[in-house]
Amino acid sequence: MSDKKENEKKARLLASLEQGLTQVHLDARRPGVIVPEQFKGDFHLRLNHSYRFDPPDLAVSDWGVRQTLSFGGQRFTVGVPWSAVYAVASLVSEELWMFPSDMPAELVQAATEKVKSPLPVDEEPAATSPRAILREVVLSGEGAEAAPSEPTPPKRGHLRVVK
């Protein structure tokens, strides 16, 4: 991975941490990743980081990010090198920075399978019938409603003035 990309990931993470809670998306199978045993095979692991977590041991360096996090009530010091990070999300501003060239192939494949293709040319979308028949209400005077002039249901909706 290039130093430029590592620096951009680091800058995005630091900027997001300044705002508050930040989520790091990583491939836990990559070399150098230190996570609890049950997550080591996860290609889309999301870890929440914050300066406010206890203990306050968050460290962001040129190598990556380290912090003691809680997993099911058990504390574990995680270590994530920049090569394993493929997205950084601010949970405060809802911004997301992605690094597609570092995304695992399984995630890219899953995302492309979820994209739906457009309808074939010979198929038309099913027509939906109206849920209710609406009629126009005409006010003649203060709050009085007039009956519709036609015996068949009118084709327009109604609005009522509320004071």
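Selection of the range 12-33 for residues being loosely packed, with under 15 Cβ neighbours inside 10 Å and over 23 Å from VAL108 (Cα atoms) yields LEU14, GLU18, GLN19, GLY20.
Search the range 71-83 for residues being in a strand (DSSP E or B) and in contact with a Gly (Cβ under 7 Å, 6 or more places away or on another chain), and hand back the single one that is surrounded by the fewest Cβ atoms within 10 Å (Cβ to Cβ). Looking at the filtered set, the residue picked out is GLY79.
Give the residue that is farthest from ASN7 (Cα to Cα), with candidates limited to residues of the range 26-80 that are among the acidic types (Asp, Glu) and in contact with a strand residue (DSSP E or B) (Cβ under 7 Å, 6 or more places away or on another chain). Step through it out loud before you land on a result.
Our first condition is that a residue be among the acidic types (Asp, Glu); within the range 26-80, this holds for 27, 37, 42, 54, 57, 62.
The next check asks that each one be in contact with a strand residue (DSSP E or B) (Cβ under 7 Å, 6 or more places away or on another chain); those that pass are 27, 57.
On the way: ASP27: 19, ASP57: 21 Å.
It comes out as ASP57.
Looking only at residues in the range 36-70 that are surrounded by fewer than 16 Cβ atoms within 10 Å (Cβ to Cβ), in a strand (DSSP E or B) and polar (S, T, N, Q), the one that is farthest from the chain's Cα centre (by Cα) is THR68.
Where a number appears in this text, it was derived from the coordinates with a stated rule and is not lab data. Here the structure is a predicted model, which means the values were calculated and not measured. Quick reminder, even Gly has a Cβ in these numbers, built from the backbone with ideal geometry, and neighbours come from all protein chains shown.
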